[in-house]
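First the structure, in the form of structure tokens, and then the observations on it.
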Amino acid sequence: MKCNLKTLSFHELELILAEMGEKTYHARQISRWLYQRGVADFAAMTDISQSLRRKLDEGYYISEIPLVEVRTGEDGCSKYVFRLPEGFDIESVLIPDQGRLTLCISTQLGCRQGCRFCLTSRMGFIRNLLAHEICDQVIQVKKRLPEEKTTLNIVLMGMGEPLDNYQQTISAIRLMTSPLGLNISPRHITLSTAGLVEELYRLRQEKLGINLAVSINAPFEDLRSWLMPVNRRYSLEYLLKALRDFPLPARQRFTIEYILIGGVNDSPEAARQLCRLLRGIPCKINLIPYNPNPFLNFRECTEKSLEQFQQILIQHHLTATVRRSRGRDIGAACGQLGYVRYRMRQAELTHSATKSA
Ligand code: SF4
């Protein structure tokens, strides 16, 4: 049985090289090939001797989650679909915006948080992604970008709740930020959470230097518990206390995500309550108009209520920007990921299992 090289830490890589009677400095070369050049074949590691490549090939393999589809929408957003070994797919979304590129990646197959407005939640929870599966989405998209030097912002905001897959998410972030890994500045990485408070307190100790986004979506406990069941475990009060306790570096702010759903959480009263809650918390607010879809019984907020909501926040000296949904036509917009494809794959896999039985 060969072992997946991408599951080894840098130190473990050095150890196996030493055991092979090789110089440990090769670990640096191998890491660069794996994470910065994204090769999945020892033969491509041309600055390593053939004999070492052969030895590596005898005991190890390099995993890569196959990219099965790339769809680009009218607004330039692209959805990348990767197939996991069990046959189900995860999705990442590349969003070009005013010269910047943002890649939204997944951390779980499905999600157990059950947010009512989110299609991923309809899949339920299937499994956590491994650190190398989380990083592979970045490696593979980066490899396909036309300009090698384009700065890529990474947001852990795709399928799944990153803090519900705590260990693998932290390992993936460490690999992304390590100079021996993907070498991405922590300032270009944002972790988005629905508000898992215990994990937020754990995250404080990690000192990752990344940005943090928190989905609030409702400023009243009852409404938030209905929209986001995580609120029954970690109330708004407890969550906001955790944000106040979180040591942010100077000039850094939290991003507060607020999906505006027509007739549900878009009233002026909700806006005023949100202002009260956020008092004293260094933050900027992203207002995201809800993306309607045929599976969920919610509607988009009107332009008028969106404008009114934003104005109230601004009048209370909060920074509030509207994040227009991108990639709607390819099912890549916020809250749209995973479900449709999951149902399709379920049907395909059941069909082929029945055929071969
Ligand atoms: S919004 Fe995020 S946390 Fe909530 S169900 Fe969807 S993927 Fe999970």
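The values are calculated or read from the model by the stated rules, or taken from the named source; none is laboratory data. This one's a predicted model, so the numbers in the text were calculated from it and none came from an experiment. Counting neighbours? That spans all protein chains shown, and the Cβs are built from the backbone with ideal geometry, glycine included.
Filtering region 205-234 to residues that are crowded, with 21+ Cβ neighbours inside 10 Å and of a type in the set (Gly, Ala, Ser) leaves Ser215, Ala218.
When the criteria are applied in full, Gly158 fails the requirement of being assigned by TED's automatic domain parsing to the domain that holds Gly124, away from the ligand (no atom under 16 Å from the Cβ) and in a loop (DSSP other than H, G, I, E, B).
Within region 321-339, not a single residue is within 27 Å of Thr102 (Cα to Cα), free of Cβ contacts under 8 Å to residues at least 40 places away in the same chain, surrounded by 19 or more Cβ atoms within 10 Å (Cβ to Cβ) and in contact with a helix residue (DSSP H, G or I) (Cβ under 9 Å, 6 or more places away or on another chain).
Of the numbered criteria (1) among the aliphatic types (A, V, I, L, M); (2) surrounded by fewer than 17 Cβ atoms within 10 Å (Cβ to Cβ); (3) modelled with pLDDT of 95 or more, the one Leu145 fails is (3). For region 195-232, a residue qualifies if it is acidic (Asp, Glu) and within 15 Å of the ligand (Cβ to nearest atom), and exactly one does: Glu199. Of all residues in region 300-319, those that are in contact (Cβ under 8 Å) with a residue 12 or more places away in the chain and in the same structural domain as Leu274 (by TED's automatic domain parsing) have Cβ atoms under 7 Å from Cβ atoms of residues that are of a type in the set (D, E, K, R) and part of a strand (DSSP E or B), 6 or more apart or on another chain, in Thr319/Lys284.
Within the option set Gly124, Gly76, being within 16 Å of the ligand (Cβ to nearest atom), surrounded by fewer than 20 Cβ atoms within 10 Å (Cβ to Cβ) and either of a type in the set (Gly, Ala, Ser) or within 24 Å of Arg187 (Cβ to Cβ) (or both) holds for one residue only, Gly124. Could you list, in sequence order, all residues of region 302-334 that are modelled with pLDDT of 80 or more and of a type in the set (D, E, K, R)? Once the filter is applied, which keeps residues that are modelled with pLDDT of 80 or more and of a type in the set (D, E, K, R), region 302-334 yields Glu303, Lys304, Glu307, Arg323, Arg324.
Condition check: exposed (fewer than 13 other Cβ atoms within 10 Å of the Cβ) and either in the same structural domain as Ser171 (by TED's automatic domain parsing) or within 16 Å of the ligand (Cβ to nearest atom) (or both). Does Arg116 satisfy that?
Values: exposed (fewer than 13 other Cβ atoms within 10 Å of the Cβ): no; either in the same structural domain as Ser171 (by TED's automatic domain parsing) or within 16 Å of the ligand (Cβ to nearest atom) (or both): yes.
Here the answer is no, as Arg116 does not meet what is asked.
Determine whether region 195-204 contains at least one residue that is assigned to a helix (DSSP H, G or I), surrounded by fewer than 17 Cβ atoms within 10 Å (Cβ to Cβ) and hydroxyl-bearing (Ser, Thr, Tyr). If you could, list the steps in order and put the result at the bottom.
Step one: of region 195-204, the residues assigned to a helix (DSSP H, G or I) are 197-204.
This time we only want the ones that are surrounded by fewer than 17 Cβ atoms within 10 Å (Cβ to Cβ), so: 198, 201-202, 204.
Now restrict to residues that are hydroxyl-bearing (Ser, Thr, Tyr): 201.
So far as region 195-204 goes, yes, one or more of its residues are assigned to a helix (DSSP H, G or I), surrounded by fewer than 17 Cβ atoms within 10 Å (Cβ to Cβ) and hydroxyl-bearing (Ser, Thr, Tyr).
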